[in-house]
Amino acid sequence: MVTMSQTIDIDAGLIEKYIMELAKFGEHSGTGVWRTVYSPEWVAATQQYARWCEDAGLTVHHDTVGNVWGRLKGREPGPSIVSGSHIDTQRPGGRYDGTLGALAGLIAIRALKTQFGIPRRTLEAVALCEEEGSRFPSAGWWGSRGITGRIAPGDSDKLVSLDGTETMTDAMRAVGLDPDDVAAARRNDIDSFVELHIEQGPILEQVDLPVAIVSGITGIRHYDVELIGQQNHAGGFPMDMRRDPMAGFAEIANSLVDTAHRWGRPAVTTVGRVEVEPNSVAVVPKRVRFTVDARHPVQESYERLMASHERLMREVAARRNLEISWKVMIDQPACPSDPGLYAVAQEAARDQGVPFMTMASGAGHDSQQMAAIAKVVMIFVRSKDGRSHTPEEFSSIKDIVAGIRVLAATLHKLAY
Ligand SMILES: [Zn+2]
């Protein structure tokens, strides 16, 4: 008799072996991995993933955008319960970002099949082809966008590689994929998507916990702001007569960051880029252009934070007699986890005796795309020193096993 709280056995040796073997495809600078979408090392990694799916007794399918699926057909018809993440990396990234989630889905389903047999509902593991935008900067979420039908005909012609030498169309054709067929990757039979991912931040380490259940993915807005004053001599023009956009910029940057500090977690605000014109020592500048990246995972708070930032920018500009204008470059709404799945994942962690906390994701993930067609929730595994998007990225096998047990127990509750 299987009880709901039965411990699920995850093979620590197997997951470690899979992580290390997959890291060889695109191995870079010691512990790094450089594996961009549709590259030879990407092809090799997807083929290896497919072989491991077959080893686990799953039916393998490569879809028309390059995602690899491993399917364990359930006894009953109906939409699938899916787990996975992306298999591409930064240039270079580490061994864990994305890859761990693709492997975790496979390992969890393999463990469930071994321990509990054929599920009631169909389970699928997936290695998504692209998330990072590391070969084609505007491609982001190419794999999950293929699944959700968010790639329009002709999109692949418009995506140009970082080095400007090729289009997504060229890259797809080079690995035998036909860009005219991407619509066939669309799925409308996925009930739930559960994504395990490394945290990519320092919070779990700070509170000394292995795992987090994710309440939602943050909303992100990017502003491109221009502040215009009057260019004048740095000696001849008295302070009280200046229209100095650098002084306005300094006040705005400081105040926006202060606002996020006052709000506290999980609000964040970053001024990451600034350009000054003419950028000279003895000249009051004419123009300062800068970016603002502001995020909050609760939509209502997200909107209030943005409104506060905009009010402040207008107020400072007016008081200092500067012209201000901005463009919103990215406006990605917050993506809350499905409340039902969020509860199931927490119950799964408690059943497995895995200590956890809840947190929002400050980074974007495939789950926010999958949320267009399925219920979603994410599970985070502690990152050493909070590091990610670097070869130094590391999560311990002990924490990884804890995370996969929570994942497997969640899938068990949903599919058995
Ligand atoms: Zn990732």
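Collect residues whose amide H, placed 1.01 Å from N in the peptide plane, falls under 5 Å from the amide H of Ala360; neighbours closer than 5 in sequence don't count.
Ser215
Have a look at Ser29, Met329, Thr169 and report the one farthest towards the positive end of the charge dipole of the chain, computed about the Cα centre with Cβ charges (Lys/Arg +1, Asp/Glu -1).
Met329
Taking the Cβ of His296 as the center, what net charge do the other residues with Cβ under 15 Å away carry, scoring Lys and Arg +1 and Asp and Glu -1?
Working: positive: Arg221, Arg262, Arg265, Arg295, Arg304; negative: Asp293, Glu300, Glu303, Glu310, Asp331.
Result for the neighbourhood of His296: 0.
Compute the accessible area per residue over the range 219-332, keeping the other protein chains in place, probe 1.4 Å, unit Å².
Details: 6300 Å² over 114 residues.
Accessible area per residue: 55 Å².
Would you tally the net charge around Asn321, using a Cβ to Cβ cut-off of less than 15 Å, leaving Asn321 out, and scoring K and R as +1, D and E as -1? Each step should come with its number before you reach the end.
Numbers: positive: Arg242, Arg243, Lys286, Arg287, Arg314, Arg319, Arg320; negative: Asp240, Asp244, Glu251, Glu315, Glu323.
Combined, the nearby Lys, Arg, Asp and Glu give +2.
Show me the three semi-axes of the equivalent ellipsoid for the chain, from the C-alpha gyration tensor (sqrt of 5 times each eigenvalue), largest first, rounded to whole Å. List each step's numbers first, then the result.
Numbers: eigenvalues 373, 118, 71 Å².
For the chain, the ellipsoid semi-axes come out as 43, 24, 19 Å.
Modelling each spin label as a point 7 Å along the Cα-to-Cβ direction, I'd like the Arg311/Val175 distance in nm, to one decimal.
4.8
To the nearest 0.05, how large is the calculated FRET efficiency for Thr114 and Asn254 if R₀ is 51 Å and r is the Cβ-Cβ distance?
Values: r = 57 Å, r/R0 = 1.11.
With R0 = 51 Å, the Cβ-Cβ based efficiency is 0.35.
Calculate the radius of gyration of the Cα atoms of the range 219-332 to one decimal place, then report Dmax, the largest Cα-Cα distance, as a whole number, both in Å.
Cα radius of gyration and Dmax of the range 219-332 are 14.9, 50 Å respectively.
How far is it, in nm, from the label point at Ala184 to the one at Trp263 when both lie 7 Å from their Cα along the line to the Cβ?
4.5
Report the calculated FRET efficiency for Ser280 and Glu323 (r = Cβ-Cβ distance, R0 = 30 Å), to the nearest 0.05.
Numbers: r = 20 Å, r/R0 = 0.68.
That gives a FRET efficiency of 0.90.
Calculate what fraction, in whole %, of the accessible area of the chain sits on carbon and sulfur atoms when a 1.4 Å probe is rolled over the protein chains. Write out the running numbers ahead of the final one.
Numbers: 8900 of 17470 Å².
Answer for the chain: carbon and sulfur cover 51 percent of the accessible area.
Residue by residue through the range 53-67, what is 3J(HN,Hα) from phi via Karplus (6.51 cos²θ - 1.76 cosθ + 1.60, θ = phi - 60°)? Round to whole Hz and write x for glycine and proline.
Calculated HN-Hα couplings, in order: 4, 4, 4, 7, x, 9, 7, 8, 9, 9, 8, 6, 9, x, 6 Hz.
Between the range 107-133 and the range 337-379, what is the separation of their alpha carbon centroids in Å?
Their Cα centres are 16 Å away from one another.
Just report the Cα centroid separation between the range 32-73 and the range 261-300, whole Å.
A separation of 40 Å, based on Cα centres.
Can you find, among His197, Gln299, Thr390, the residue farthest towards the positive end of the dipole of the chain? Put +1 on the C-beta of Lys and Arg, -1 on that of Asp and Glu.
Gln299
Let's test the formula: R0 of 51 Å, r as the Cβ-Cβ distance of Asp157 and Arg350. What FRET efficiency results, to the nearest 0.05?
On the way: r = 50 Å, r/R0 = 0.97.
Calculated transfer efficiency: 0.55.
So if I place +1 on the C-beta of Lys and Arg and -1 on the C-beta of Asp and Glu, and nothing else carries charge, what would the dipole magnitude of the range 105-149 be about its Cα centre? I want it in debye, nearest 20. All intermediate terms of the calculation are to be shown ahead of the outcome.
Details: 6 positive and 4 negative charges, 61 e Å.
Here the range 105-149 has a charge dipole of around 300 debye.
If you take every residue apart from Pro119 with its C-beta less than 10 Å away from the C-beta of Pro119, what net charge results, scoring Lys and Arg +1 and Asp and Glu -1? Walk me through the numbers on the way to the answer.
Numbers: positive: Lys73, Arg75, Lys113, Arg120, Arg121; negative: Glu76.
Residues close to Pro119 contribute a combined charge of +4.
Quick check: residue separation of Lys398 and Gln6 times 0.36 nm, minus the Cα distance between them. What number comes out in nm? Write out the running numbers ahead of the final one.
Details: separation 392, 0.36 × 392 = 141.12 nm, distance 1.89 nm.
Gain on stretching Lys398 to Gln6: 139.2 nm.
Could you count how many Lys pairs in the chain have their Cα atoms under 20 Å apart, skipping same-chain pairs fewer than 8 positions apart?
10
The values are calculated or read from the model by the stated rules, or taken from the named source; none is laboratory data. Keep in mind the model is a prediction, meaning the values are calculated, not measured. As a convention, Cβ positions derive from the backbone with ideal geometry for all residues, glycine included, and neighbour counts pool all protein chains shown. All accessible areas refer to the heavy atoms of the entire protein, side chains included, with ligands and DNA or RNA removed. Shrake-Rupley method; radii C 1.70, N 1.55, O 1.52, S 1.80 Å.
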